[in-house]
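The values are calculated or read from the model by the stated rules, or taken from the named source; none is laboratory data. The shown structure was predicted, so the numbers you read here are calculated from the model rather than taken from an experiment. No Cβ is skipped: glycine too gets one built from the backbone with ideal geometry, and neighbour counts run over all protein chains shown. Surface areas here come from the heavy atoms of the whole protein model, side chains and all, with no ligands, DNA or RNA. Shrake-Rupley method; radii C 1.70, N 1.55, O 1.52, S 1.80 Å.
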Amino acid sequence: MRTRFVVVHLTVITLLVVLGVRLWQVQVVRGAEFVEVATETRTRDVRVPAVRGQILDSVGRPLVRNRTALVVSVDRNRLERLPDRGSAVLARLAAVLGADPVKLKERIRPCGPKVSRPCWPGSPYQPIPVDNHVSTRQALQILERQEDFPGVTAEIQAVREYPYGSEAAQVLGYLQPVTEEELERREGLKASFSGVDLIGRDGLESVYDQELRGKTGLRRVQVDRMGKAIGVEQQEVPVAGDTLITSIDAKVQSIVEQALAGAMKKAPQADGAAGVVLDVQTGRVIAMASVPTYDPSVWIGGIAEAEYQRLLSDKAGKPLVSRAIKGTFAPGSTFKVTSVSAMVADGYPLKGTYDCPGAYMVGGRPFHNFRGIGLGPMNLHTALVKSCDTIFYRAAYEMWLRDGGRKPVPKPKDPMANMSRAYGFGKATGIDLPGESPGRIPDRNWKRNLWAATRAQNCVRGKTGYPEEKDAARAAFLKKLAYENCVEGFVWRAGDAANFSIGQGDVLVTPLQLANAYAALVGDGKVRSPRLGWALVRPDGTLVKEIKAPVIGKLPIDEETRAYIKDALSEVTSDGTAAGAFNGWPMNVVKIGGKTGTAEVYGKHDTSWFASFAPTNKPRFVVVVMVSQGGMGGSTAAPAVREIYEGIYGFGKFLTPALQEPAERLPRIKPDGTVQR
């Protein structure tokens, strides 16, 4: 018995020693660690999203602003850990919100290749907003019964609002949830991510996303065992995003949108249009529109599959795509200003006399003037006013011959191609918008590269032909063309050069590029990179940064040549191809110059262009309108441009001028955030 007692005593003593050692480890050695863990279990760090900055026009009108809304969000990961994967919670939530449980479940499923919208395109680790039109009563039902709604929150958030609806939709852009890939890829985003932040996906919202988003705050709250907040332990106030002031004038923007819509109605076959208004002196964009357009509010709270597909569809005209910066079209005769510049730079006399026959033989093939009408001898001034083609065909053909003709040339001069590049064609303007197209300026090198890329396919088609083509004549033509391109598709032909000189063939430009080129021509000769953003300011009005349009080039022609071309264009609206569209315009008050363009497109109606500037004595505005499949430039695009000028200057149906002069001073934002007009 005594031995047993000794064993028991030793066992008890050993256990006490072990317990003491363990207590010493817990309280002394790892005490600080366990205190921190205990603190974490009774506190929660909540990232507080910053209010996103507004986007204003040049006088302070809000183009994009915020409204406060009660938003209900669901933590999908937490629901997935419940025994029924959250089905009961979603059913109760649907009853409170008056929604369909099945649709709620669809809203929170992750988007994927085989998952149609609605779905969640953002990070799987952030709360998913399912309703942003919640009443106070509905929010309280959720917040006061958290045990019935685990993983569901209801809180006030800022929601984007678009006062002008669909106007400037492609320019402004839209917001979407942050994806997991973006959190990992974009530097600094993960550290500042609030969990409910949205990110700019297009337009100005994308380019100035970081400045508009602001800095998230931090709130450390004490919670009970049910996770309910019972107090605030620490708080860092979020810093609101900067306000972006743009050079857009909302009134002029509305006028451009209306003019484009009217042009589309007058030309029922038209499938799209774009308009650009630039400030000649500063390179700022005053208005930019593309039709068809859409209402960016469709993205708020998630977009339905049918609407999403419509925005991407050809049938609807791809409203998401801005034809002003992404659409590329043959410019037609509006391009002749570069051809005149190239001729003068290549030695042709500026004030010489040139014959304008009804047709000119280029490489053994006749190239006809418009409708085959000869206009006789004239100078380059009249050639622009009357839009003679054959003068430019001849000059292009002669330049082509001097460059070696069909023979490969190691270092061709390419006078017309190089001059057009100096005007800014063939490369992006660098505007502060994403996805801009560089357009295309074809030359000998481009032709050879295209041949190398397409030779194999052309050689196959040269043998097999086009059996799927129903028109026998068309199929035979395509087969012959494929064979020729297979054998000698690398050759820069005389016809390629001739078509280039009048903005046809493989030349492609964007409406913005054309407007920017004309601004350089009628302005100071400097090519600028246009800007929509004018300044970033704090919500209290403190200037953060002014955004200027940088000079990126200079036209390689002298001031005399620029003035000569400008004077010629100044007569197009009174005695040239746009005279009908501007009949009755008060030229003695505001004189308008410009150039029409009618570009042929195989299988479609002509592309209608009018590039203009005003006043002609000291140009301040450049206005360009393009109507795809709109017909003749003088019949469709020019009247639309006239309507825009009527709105700007207050003529015709417009009783008061919208602008007259571009804004020269930033709007003043008061310390309380309101704009002083």
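A straight Cα-to-Cα reach below 17 Å connects LYS526 with the aspartates and glutamates ASP279, ASP558, GLU559, GLU560, residues fewer than 8 places away in its own chain not being considered. In plain terms, if you count all Cα to Cα distances in the range 311-410 and split them into 10 Å steps from zero, the share in each step is 13, 36, 25, 16, 10, 0 percent. The convex hull built on the alpha-carbon positions of the range 498-623 has an orientation-averaged projected area of 11.5 nm². The residues packed around VAL491, meaning those with a beta-carbon under 12 Å from its beta-carbon, carry a net charge of +3 if Lys and Arg are +1 and Asp and Glu are -1. Give me D for the chain in µm² s⁻¹, whole number, from Stokes-Einstein with Rh from the Kirkwood sum over alpha-carbon pairs, 20 °C and 1.002 mPa s. Using the Kirkwood radius from Cα pairs, D works out to 73 µm²/s.
Using 0.36 nm per residue of separation minus the Cα-Cα distance, give me the extension gain between ARG474 and ALA359 in nm, one decimal.
Length gained, ARG474 through ALA359: 38.9 nm.
Relative to the dominant Cα principal axis of the chain, helix 2-24 is inclined by about 30°. Net charge of the neighbourhood of CYS459, taken over other residues with C-beta under 13 Å away and scored Lys/Arg +1, Asp/Glu -1, is +2. Dipole check for the range 548-626: with +1 at the C-beta of Lys and Arg, -1 at the C-beta of Asp and Glu, and the Cα centre as origin, the magnitude is about 420 Debye. 3J(HN,Hα) couplings calculated from phi for the range 268-274 with the Karplus curve 6.51 cos²θ - 1.76 cosθ + 1.60 (θ = phi - 60°) are, in sequence order, x, 7, 4, 10, x, 7, 8 Hz; Gly and Pro show x.
Solvent-accessible area of the chain (1.4 angstrom probe, protein heavy atoms only): carbon and sulfur portion equals 54 percent. Relative to the dominant Cα principal axis of the chain, helix 250-266 is inclined by about 60°. Karplus-derived 3J(HN,Hα) values for the range 280-294, using 6.51 cos²θ - 1.76 cosθ + 1.60 with θ = phi - 60°, are 4, 6, 10, x, 7, 8, 8, 7, 8, 9, 9, 10, x, 10, 8 Hz; glycine and proline are entered as x. The magnitude of the dipole of the range 357-490, with charges of +1 and -1 set on the Cβ of Lys/Arg and Asp/Glu and taken from the Cα centre, is near 420 debye. Take every pair of alpha-carbon atoms less than 8 Å apart whose residues are at least six positions apart; their mean separation over the length of the chain yields a relative contact order of 15 percent. For the pairs LYS251/LYS670; LYS251/LYS326; LYS386/LYS604; LYS315/LYS595; LYS386/LYS618; LYS318/LYS618, note any where the Cα-Cα span goes beyond 27 Å. In this structure, LYS315/LYS595; LYS318/LYS618 exceed 27 Å between Cα atoms.
Here's the picture: charge each Lys and Arg Cβ at +1 and each Asp and Glu Cβ at -1 in the chain, and of GLY165, THR390, GLY435 the one pushed furthest to the positive end of that dipole is GLY435. Per residue, the accessible area of the range 356-410 comes to 50 Å², computed with a 1.4 Å probe over protein heavy atoms only.
Between 0 and 90 degrees, the angle of helix 559-569 with respect to the longest Cα principal axis of the chain falls at about 80 degrees. Here the dipole of the chain is about 1060 debye; that uses its Cα centre as origin and unit charges on the Cβ of Lys and Arg (positive) and Asp and Glu (negative). With protein chains left intact and a 1.4 Å probe, residues in the range 527-611 average 44 Å² of accessible area per residue. Per-residue ellipticity at 222 nm, computed for the chain from helices alone with -39500 (n - 2.57) per DSSP H run of at least four residues, works out to -10500 deg cm²/dmol.
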